[in-house]
Every structure is written in structure tokens, then in C-alpha cells.
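Bear in mind that the values in this text are calculations on the coordinates, not laboratory data. Just so we're clear, the structure is a prediction, and the values are computed from it rather than from any experiment. Methodologically, a virtual Cβ is constructed for each residue, glycine included, from the backbone with ideal geometry; neighbour enumeration extends over all protein chains shown.
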Amino acid sequence: MTTRAAFMARLRTELGKTSGLFAATVAERPAAPAALADTIRRELAERWPETLERFRDEFERVGGVFYRVAALGDVPAVVARIAHERAARRVITWHPAALGADVAPALRENGLEVTVMPAAGETEAARRRLRDVIAAAEIGVTGADLAVAETGTLVLASGGGRPRSTSLLPAYHVAVFDRGALVESLAQVGVFLEAWHGEGGAPADGGAVNFVTGPSRTADIELTLTRGVHGPREVHAIFVEAPRGG
Amino acid sequence: MSEPGADLATPFRQRAERALHDDFLQQALTIATTKFIDLRRQAFRDFPEGERLRDRAREIKEATLQGLDLYVDQLVDNVERQGGHVHFAVSADEARDIVVDLGRRAGARMAVKSKSMATEEIHLNDALAAVGITPVETDLGEYIIQLAGERPSHIIAPAIHKTKGQVAALFGRELKRPVEADPEALTRVARAELRDKFLAADMGITGANFAIADTGTIVLVTNEGNGRMVTSLPRLHVAVMGVEKVIPSLTDLVVFLAILAKSATGQKLSSYTTLVRGPRRAGELEGPEEFHLVLLDNGRVRQLAGPLREALSCLRCGACLNVCPVYRQIGGHAYGYTYPGPIGILLTAMLNGPESVKDLAHASSLCGACVDACPVRIDIPRMLVELRTEVDTRHIAPWPERVIFKTFAALLRRPSLYRVAAPVTRLLQRPFATGRRVPRLPFFFGRWTATRDLPAVAPRTFAERWRDLEGGR
């Protein structure tokens, strides 16, 4: 078995034989990413409508379905309509603390069967039971920590109340976000990721961050584009005009 | 030294010949590579920063290699800090043993895999099966070739050589019922079949597109979502990664993300980019209980100071395959090893030594289309020429080839000999030349003219005409 010390020694020996191909530097990281992220947010607050337009264009280009509602209270009606149009009944949602609203009562009033994901870790038995519920669900409702205009991407951090597979196992993924999540570019995403990792603190305490750019897709059989091979067939994004807590 | 499972029973020339006479393969290759080329071109046309970012990405890769010891050390510390485990494998055998042992210790019965060239390279599947762990490839293309008992023929589209009819037959055999030969229907069948396996598997195996030293994060880029399944559902996650895949920070990551999918499929981003750190956290419902990272050398470390160093920057996007006039004609299987295409020749030499590419080193027109397409501008032709030289100087090449090139080199170095060469060759070519062409040469030289004409030496060469001009002054 090769030990770390032996492996690293080999690496150093080989590196010692060369000075490389050309002078080069790695990417320059922001000195204070949390502060820079705040600045980006403040600047975007001035021009969020353009950023939202661009997000919408790109999101639709990758096959997403976009909605715009006035307030969080309007979200359940949209989810219910998506469900009814697809004859779907079983819904799972992020925990209200992660989603910013408790959509379950209103969804149940619309005749849907709703399971709210627990805010914290569970016993092994409960985890197994919830796995079955998630696997059987047809619609998964999540928030989005970032919505990236350049690429039409939704960024979701995992953690308590926000299991990884809410946006993966159900055939229809519905993400709810507001202007606070909007960023313009991948470069800005880099700043936010650095801020989450550093003193800025992450939006959630989980081990995974997923970038979702449209539905699950494949072109592996004769290059024919097909949606929903493993993950969701459809991705819906609901933009809420009234900012959270504002 | 050669890879187990490589298709080397027949010589390269015959493998290529076979591919050239496979009508479906020819059609599939043309359609697929042309489409990938167009999509890539369009993606960069719409992305003015692209060229600058490619330069940046190239620099970041080189700078990272210069400090690789530092970044690997950092990566290991950060993975361990999060409760993950790191293993070190010098050879393919060692990597295979580590993964198999992890599966066995966890009592795994089934391992779901997301597409990984690194696990293809170490031929992991047979080793898992041998100890009773059923490996299941979950990328649709990989699943198809696993059922067919083949190897991938393209880095990002492993089953482009299969027709929907062939896929339907494979699925039918596996499920013991007829399956409609329609891509949409076939995808639905695969979804149902593999969904059960994702939920039942106790082990998830992935590669890694990147690993971030600063945070201990593994990054997986997929379109199907299988990478997410594999890292979310099974209780054990093992990632196998070439040691050169480490990058310093999340800031570096976004530079690569901006160009990777555009180069591969023309998408701005692939459907899913998954960043995972260590095992499941305390508050989480899902994620593995155990996370292991296997760092693979397998010939890479030796090249840090070797002639193939630049190939260590490869992102495995497949762009160089699509534009290569040789790959476009013969496809991936004819190369005979895990990694096809221009970059594949270099990686094969890296993994298996220069002996393995004595024929492959010549399977390139050196046209340079690969350098133009490569997101990090790897100078593949330069290294191919160096490999040809090495194959020659180490006497790996057959002796007639060496003699011919030595003679040619001697002629070119001595003007007096070169001047005599023209009239001598004109005399020698007389029985074989038709007009300005030599369509057929005798003996083993005939191999060269079997597929193309040799231009005949001109009735009066440039040098001879120049002499006349000077004389007449």
C-alpha cells in the first residue's frame, strides 16, 4: 500500500526536476469574498429586472418553464396547476425554514398529498421511510440559493430541511426564488461560493451544492435529445416579486 | 505493461481497416462529430470572453502543476478534515485493489457508477464483479456499452457507434422482453431499470472532473443527473481521480466551468454540476455515510518532468476527437485503448509507455485542428512528433521505417547528396509513375500507396530551375 508520505515524496522528486513549461499564475481569489458578495448584491438590487430577463431567456433556452408571481402566497396555486396539468398528486417540499414559506397547507387544500422534509437529521428508520416517500413523489418543491442569468442555472445548497434528492428524484422540479438569489455571471457565482466557504457562511449546512441547468438530459442514443433520463423531466422556476422578509 | 481488455489482438492497421468498412460507424461518426463541432463553434461564437478564459484556464492548469505537491497536500488535509478518507495509488492495480477492498469491507453487493474515464482506465468493473459486487454503469451510453460488453468509443458519447436497433436488442436481452427501437422509449426503459438500482445500491463510484484543494470538494459534471444519484443515495461513495485533476480554489473552478461544457457539447453549462464535500453532514437526510477519494498516479507523476507534461492539463471534454480527421474516420475503438483520439494517443503513451503507441503515434495528420479545439490549447501535434522521435530512437519502430527516415534525414542534411537525389529518384520512379503521380510502389512501400498517391519528383525541381536562372544571369 502506498502511503501519503511515499506518494508525496514521488511527486516532489518529479516536480524538482523541472521548472514547468511557462510562467503561470492561478486565478486571483477575492481578498474579502463576503464583502464583495454583498457589493454585488447591492449593485444588482439596482438593476435586477434586466438580470431577471436574462435569466428567464437562458432558463427557457435550456428547457425550463418560468413563472412570475407577486408574493410567496401565490406559489401554491402555480404548483397546484403544474400538478393538475400532469395528473401528479404526490408532492415533497423543502422545510418552510429553508423555503421561506409553508406551502403545504395550501397545496393540501388543492387536493395534493404533501410531505415536508424534516429540518434536521433523522433516525435510520425515519430516513428509510422518507427515502421511499421522496422516490414516490412526482413533484419536488425547493428554493434556490442563486439564479445565474448568464447560464439559466439554479444553484441549490443541501442541508437540514433541504435534502439533495428533492430536486432529483421527482419527475417535476419546481424551484422558488426571489431577487436576492439573482446573479449575473459564473464569475459572480465564484465569489459567492468563496464567500459561503469563508467568513460569509453557507446558506445551508450540507455537504453538497448542485448547479441545475435545465432538466436531466441525454443524447446517448443516436444523438437524439431526450429529457428526464435519471433526474427531472421538467424544471420550473417561480420568481417571487416581493423579496423575502421585505 | 499493456492494459487488460484492450483490443490489441489485431494490429492497428486492421482495426482501422475494419472501422473504415463499417458503414453505420462511418455515418454515425460523421453525424456525431459534425454536430459536436457545430455546437462548440456556436457556443464560443456567442461567448466573446471565451478566448481569454481559455488562456486563463491553460495558465491555471500549468500553475497548478508547478505547485502540485502543495495543492495535493491541501486537498488531502481538507478531505480528511471533513471526515473523508484519501487513498494513494501508484498503479492501476493498486487503485483497483483499494476500491474493491472498500466495497468488500462495507459489505457492498451492488455499486452504481457515474461515467468515469479513470475507472475505465483501471478496468474496475471486472475486479468488482470478481468479488461479488455487481457494477452498474448508470450513464445511459455507458450502460449500453456495459450491456454490450464493449468499451466507450468517445470520451463524452460512449455509445455513438450503436444504432437504436442495436440498443433495443441489448435492452430486450437484458429485460427478457421486446423493447421498441425508439430513443425516447429506450430512455424511459433505462430510467425505470436504473432507478431501482440507484435506490438499491450500497456503493456509489464516481470519477471527478475537478477537486478543489482549498475546500476538499469533488466536482462532477453530468447531463443525466446520475452523478447526483450516485453521490446522494448509496451509503458509501468512492471517487477515483487522476492526481492532476486538482485545482486550487472555487474561483479557479468557475473559469473551467465556463469553457468545459461549451467545448464538449456546446452547452453553456451541463445540466448538472455537483460539488460534494466529504460524507453526509449531521443535519442532512441524505448523502453517503463514508466518503473515500482515491488519488491515482498510473504514469502521470512521471510526466510532470516528462515529455507529455502538457497532456496533464486535459479536461477530458472530447473536443479534439470531434475535429480530428483520423478519429472522424476510424472512431474510438480502432485506437484499441481506453482513451481514443489525438489526446488519447498521448494518454495511452503516458499510461502504457511509448511501446504501446508505435503505430498510434502515426495515426495523426498533425494538422493541428486539435490544438484549435482544445479548451486549454494543449499542443498535441508537438508531443505526437516527439513521440514519433522517441519510438524511432528507442528502436521500437520497425527497421524499414527507421532506415527510410534515416536516409531521408541524411539527404536533407547534405545539399550535394540532395542535388543528386532528384535525378536518381526520377530514374527509379520511371516504372511506377503515371504523370505527376506514383499510384503504386513495390514491396512494403506499397502500404503507403495503398490508400493514397505519392507525388512524383517533378521533371525539373525548383532547385534545378533556380540553378538555370542563376546560370542565365
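Tell me, please, whether a residue that is facing chain B (nearest Cβ under 9 Å) and touching a Lys or Arg at 6+ places or on another chain (Cβ under 8 Å) can be found in the range A:189-198.
Among the residues of the range A:189-198, at least one is facing chain B (nearest Cβ under 9 Å) and touching a Lys or Arg at 6+ places or on another chain (Cβ under 8 Å), which makes the answer yes.
Here are B:Ala264, B:Ala258, B:Ala319: which of them is of a type in the set (Gly, Ala, Ser), crowded, with 21+ Cβ neighbours inside 10 Å, closer than 24 Å to B:Asp139 by Cβ and at the interface with chain A (Cβ under 7 Å from one of its Cβ atoms)?
Going through B:Ala264, B:Ala258, B:Ala319 in turn, just one is of a type in the set (Gly, Ala, Ser), crowded, with 21+ Cβ neighbours inside 10 Å, closer than 24 Å to B:Asp139 by Cβ and at the interface with chain A (Cβ under 7 Å from one of its Cβ atoms): B:Ala258.
Go over the candidates B:Asp97, B:Asp55, B:Asp38 one by one and state the one that is out of contact with any helix residue (DSSP H, G or I) (no Cβ under 9 Å at 6 or more places or on another chain) and within 30 Å of B:Asn298 (Cα to Cα).
Result: B:Asp55 is the single residue among B:Asp97, B:Asp55, B:Asp38 that is out of contact with any helix residue (DSSP H, G or I) (no Cβ under 9 Å at 6 or more places or on another chain) and within 30 Å of B:Asn298 (Cα to Cα).
It is to be established whether one or more residues within the range A:63-79 are surrounded by 15 or more Cβ atoms within 10 Å (Cβ to Cβ) and within 14 Å of chain B (Cβ to nearest Cβ).
Scanning the range A:63-79, I find at least one residue that is surrounded by 15 or more Cβ atoms within 10 Å (Cβ to Cβ) and within 14 Å of chain B (Cβ to nearest Cβ), so the answer is yes.
Give just the number: which of (1) within 21 Å of B:Thr274 (Cβ to Cβ); (2) at the interface with another protein chain (Cβ under 7 Å from one of its Cβ atoms); (3) not β-branched (Val, Ile, Thr) does A:Glu122 not satisfy?
Unmet for A:Glu122, out of (1) within 21 Å of B:Thr274 (Cβ to Cβ); (2) at the interface with another protein chain (Cβ under 7 Å from one of its Cβ atoms); (3) not β-branched (Val, Ile, Thr): (1).
Of all residues in the range B:83-99, which are surrounded by fewer than 21 Cβ atoms within 10 Å (Cβ to Cβ) and under 17 Å from B:Arg235 (Cβ atoms)?
Of everything in the range B:83-99, those that are surrounded by fewer than 21 Cβ atoms within 10 Å (Cβ to Cβ) and under 17 Å from B:Arg235 (Cβ atoms) turn out to be B:Gly83, B:His85.
Given the range A:127-220, what strands (runs of 3 or more DSSP E) lie entirely inside it while holding 2 or more residues that are under 12 Å from A:Val235 (Cα atoms) and aromatic (Phe, Trp, Tyr)?
Passing ranges: none, list empty.
Kindly list the number of the only condition in (1) within 14 Å of chain B (Cβ to nearest Cβ); (2) surrounded by fewer than 24 Cβ atoms within 10 Å (Cβ to Cβ); (3) farther than 24 Å from B:Ala282 by Cα that fails for A:Leu112.
Of (1) within 14 Å of chain B (Cβ to nearest Cβ); (2) surrounded by fewer than 24 Cβ atoms within 10 Å (Cβ to Cβ); (3) farther than 24 Å from B:Ala282 by Cα, only one is false for A:Leu112: (1).
Check every one of the helices (runs of 4 or more DSSP H) wholly within the range B:57-160 and list those with 3 or more residues that are within 13 Å of another protein chain (Cβ to nearest Cβ).
Counting at least 3 such residues, we get B:68-81, B:92-105, B:140-148.
Check A:Gly214, A:Gly180 and return the single one that is over 30 Å from B:Glu289 (Cβ atoms), surrounded by fewer than 21 Cβ atoms within 10 Å (Cβ to Cβ) and within 16 Å of the chain's Cα centre (by Cα).
A:Gly180
Somewhere in the range B:257-272, is a residue assigned to a strand (DSSP E or B), free of Cβ contacts under 8 Å to residues at least 60 places away in the same chain and out of contact with any His (no Cβ under 7 Å at 6 or more places or on another chain)?
Checked the range B:257-272: at least one residue is assigned to a strand (DSSP E or B), free of Cβ contacts under 8 Å to residues at least 60 places away in the same chain and out of contact with any His (no Cβ under 7 Å at 6 or more places or on another chain).
Mind listing whichever residues of the range A:150-168 are buried (at least 23 other Cβ atoms within 10 Å of the Cβ), over 22 Å from B:Gly216 (Cβ atoms) and in contact (Cβ under 8 Å) with a residue 40 or more places away in the chain?
Listed by number, the residues that qualify are A:Thr151, A:Gly152, A:Thr153, A:Leu154, A:Gly161, A:Thr166, A:Ser167, A:Leu168.
Hey, any hits in the range B:439-460 for a residue that's farther than 27 Å from B:Leu346 by Cβ, in a loop (DSSP other than H, G, I, E, B) and of a type in the set (Ser, Thr, Tyr)?
No, that holds for no residue.
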